[in-house]
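This report refers to the structure that appears directly beneath it.
The values are calculated or read from the model by the stated rules, or taken from the named source; none is laboratory data. Everything quoted here is computed from the prediction, not taken from an experiment. Cβ atoms come from the backbone with ideal geometry, glycine included; neighbour counts cover every protein chain shown. All accessible areas refer to the heavy atoms of the entire protein, side chains included, with ligands and DNA or RNA removed. Shrake-Rupley method; radii C 1.70, N 1.55, O 1.52, S 1.80 Å.
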Amino acid sequence: MADEEPKPLNYVSEIVLKKRKSNEDWANRRKEQLEQRESDLIKMKHRGKRPIKASMFPQSKLLFVIRIQGSVTDDDICFLATVHVKFKSDMHPQTRKLLYSLRLRRIFSGVFVKANNRILEILQKVEPYVTYGYPNLKSMNELIYKKGLAKVNKQIFPLTDNNIIEQVWRFIYDRALSEHGIICIEDIVKEIANVGPHFKEVCNFLCPFSLNEPQKALQGKKRPFRDGGDSGNREDQINELIGKMN
C-alpha cells in the first residue's frame, strides 16, 4: 500500500492568532468585571440593610466627604492618569449613582454635607469608596479660600473676590445673595460651619472641591479606617487628611 501524502495544514496567520488571543483575554476580563460588579451590588445592599451603628451618628451636624476609590470607567480616569490607588472596574452602576447623588463624580473630590438619616444611609452603602469626618473651622477656611469655585454656564469662577460671589449668585438665582445675609466669603464659611438655614443653597453654589492626591496618606484599601484601612468615618482626623490634600 502506497504511503498517502500528508494533507497540508490549514495556515492561520499570526495576526489572526493574536486577535483570537486578545478576544479571549477581553472576554475573561469582562466576565470577571461583571462578577465583581454583581458582588459590589450585593455587598452594597447588605450594608444598606444593616442598622446604622452608633459610630455612624456624627458628633457634628456637618460632614466633609471625600471620594477615595473609583473605577476606570468614571470621568476621573482622564483627571488622574497615574495614582497609587489601584483602580478597578468593580463598581456597580447603582453604587456610582449614589456617589453622583453626593456630587462625587471624581476621585479625590470632596463636598460638605449636612448629617441626617438619608446622608448616613448613603454613606453606609458607599463606605468602601469614601472617607468622611468632622471638619474644623481652620480646614473649612483653607478649603474655601484656596479651592472654592462656582460654576455658571460651564464656566468656572474662583472665589477670589466678594463682588464675584454677588454677581455669580445673582446670575444663578436671579436675586442677590445678600437677601440671605451672605455678602462675602466669610459669610459662606460661617453658613457652612453653622449648617445655617441656607446651607443647601450655599453648598450648591460651590463646586465640589478638587483635592490633590495625598502622598502616602492612603493605602488603596477598602477596609474601614478604624480597622487600618482608608474608608469610613475618620471623625476629627479628617482634618489631617484635608491638610495633606489641600
**Message:** Heavy atoms of the protein only, probe of 1.4 Å, neighbouring chains included. What is the accessible area of Leu34 in Å², nearest 10?
**Reply:** 80
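Set the Förster distance to 35 Å, then compute FRET efficiency between Ser60 and Lys151 from the Cβ-Cβ distance, nearest 0.05. Present the calculation step by step, with values, prior to reporting the outcome.
On the way: r = 27 Å, r/R0 = 0.77.
After rounding to 0.05, the efficiency reads 0.80.
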**Asked** By accessible area of protein heavy atoms, probe 1.4 Å, what ranking do His92, His198 get, highest first?
**Response** His198, His92
**Message:** If each residue of separation counts as 0.36 nm, what is the full-extension length gain between Asn204 and Asp236 once their alpha-carbon separation is subtracted?
**Reply:** 9.1 nm
**Request:** Enumerate the calculated ³J(HN,Hα) couplings along region 94-101 in order (Karplus 6.51 cos²θ - 1.76 cosθ + 1.60, θ = phi - 60°), each rounded to whole Hz, writing x wherever the residue is Gly or Pro.
**Result:** 5, 5, 4, 4, 5, 5, 5, 5
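So, R0 is 25 Å and r is the distance between the beta-carbons of Glu166 and Asn136; what FRET efficiency does that work out to, to 0.05? Before the final figure, lay out each step's value.
On the way: r = 28 Å, r/R0 = 1.10.
The value I calculate is 0.35.
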**Simple label model, 7 Å out from Cα along Cβ direction - Tyr11 to Glu38, nm** = 4.4
